[in-house]
Amino acid sequence: MTDTGADIVELDRIAVREAVRVVDLAGGEDWARDTPCAGWTVRRLVAHMTAQHHGFAAAARGAGEDAARWREPQDMGEPSRLHRAAAAEVLGAFGEPGAAGREFALPELGRSFPGRQAISFHFVDYVVHAWDVAAALGVAVELPDDVLGAALAVARLVPADLALRGPGFAFAPAGEVPAGAGPLEETLRLLGREPERWPVRG
């Protein structure tokens with residue numbers, strides 16, 4: 001998998017900020033809602049998102065091999081605040097001079113990747129995770145067409161091998177993409193989501 005050739009740092013910034021906006025909508029009983037990530041509540045998903053931000057920030061700064069940097073916070077009593085702080089950290093790390101040209105150690109994937117490619121992984125993940133949280137809350141994500149098109153370009157490069165999909169892996173098996181699907185829907189289906197099960201409410 002590679003990146004889109006666009007300004008991947010800027011694309012990622014837009015996706016992460018949208019994820020922050022959506023997470024900040026949650027409160028009270030919302031944290032216990034189910035999400036499109038099977039078995040995960042909104043609180044659990046946001047814990048994962050928070051940990052991934054910290055891990056990718058560490059990777060951008062040459063410390064991605066440290067497993068402690070990727071651990072989920074033990075105290076998720078204030079999910080929005082913790083997620084917001086982690087998002088600021090990763091955006092700061094990706095924006096540092098030369099960050100996109102470094103090698104990022106990504107232990108979950110078993111090796112290091114060129115910075116731009118690693119940031120493209122983070123980018124498509126946060127387009128999808130922004131949607132995951134929005135879907136659980138019954139609201140829509142708000143991302144520009146160019147961002148959604150770039151996410152689709154990355155999603156189309158994710159291996160569809162069933163041996164690399166399902167429980168224990170980043171994505172569920174790809175779903176069938178209907179004719180006429182827009183870029184967000186196609187991205188979601190390629191990465192194992194079922195958007196028809198999560199309608200926007202109200």
| note | Here, ARG17 and VAL139, labelled 7 Å along Cα→Cβ, have an inter-label distance in nm of 1.6
| task | Counting only heavy atoms of the protein chains, get the accessible area per residue of the chain (1.4 Å probe) and round it to a whole Å² value. | result | 47
| request: Heavy atoms only, probe 1.4 Å: what % of the accessible area of the chain goes to carbon and sulfur, would you let me know? | output: 52
| Using modelled amide H (1.01 Å from N, peptide plane; none on Pro or chain starts), what sits under 5 Å from the amide H of LEU106, excluding residues fewer than 5 places away? | ARG111, SER112, PHE113
| task | Could you list which residues have their amide H under 5 Å from that of THR41, counting only those 5 or more apart in sequence or on another chain, with H placed in the peptide plane? | result | none
| message | Students sometimes get this wrong: rank SER120, SER112 by accessible area, probe 1.4 Å, all chains present, largest first. | response | SER112, SER120
| query | So for the chain, taking the charge dipole from beta-carbon charges (+1 Lys/Arg, -1 Asp/Glu), which of LEU188, PRO114, GLY149 sits furthest toward the positive end? | reply | PRO114
| field | Sum of -39500 (n - 2.57) over DSSP H runs of 4+, divided by residues of the chain (222 nm, nearest 500) | value | -15000 deg cm²/dmol
| remark: Computed ³J(HN,Hα) along region 124-137: with the Karplus parameters 6.51/-1.76/1.60, θ = phi - 60°, integer Hz and x for glycine or proline, the list is 5, 4, 8, 4, 5, 5, 4, 5, 4, 5, 4, 4, 4, 8
| field | the chain - charge dipole about Cα centre, Lys and Arg +1 at Cβ, Asp and Glu -1, debye rounded to 20 | value | 280
| note | Once phi for every residue in region 178-185 is put through the Karplus expression 6.51 cos²θ - 1.76 cosθ + 1.60 (θ = phi - 60°), the whole-Hz ³J(HN,Hα) values, with Gly and Pro written as x, are x, 4, x, 5, x, x, 5, 4
| task | Please pull out the direction-averaged projected area of region 1-97, using the convex hull of its alpha-carbon atoms, in nm² to one decimal place. | result | 7.1
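The values are calculated or read from the model by the stated rules, or taken from the named source; none is laboratory data. The structure displayed is predicted, hence computed values, not measured ones. Neighbour counts are summed over all protein chains in view; Cβ atoms, including those assigned to glycine, are modelled from backbone coordinates with ideal geometry. Please note that ligands, DNA and RNA were not included when accessible areas were found on the heavy atoms of the full protein model with its side chains. Shrake-Rupley method; radii C 1.70, N 1.55, O 1.52, S 1.80 Å.
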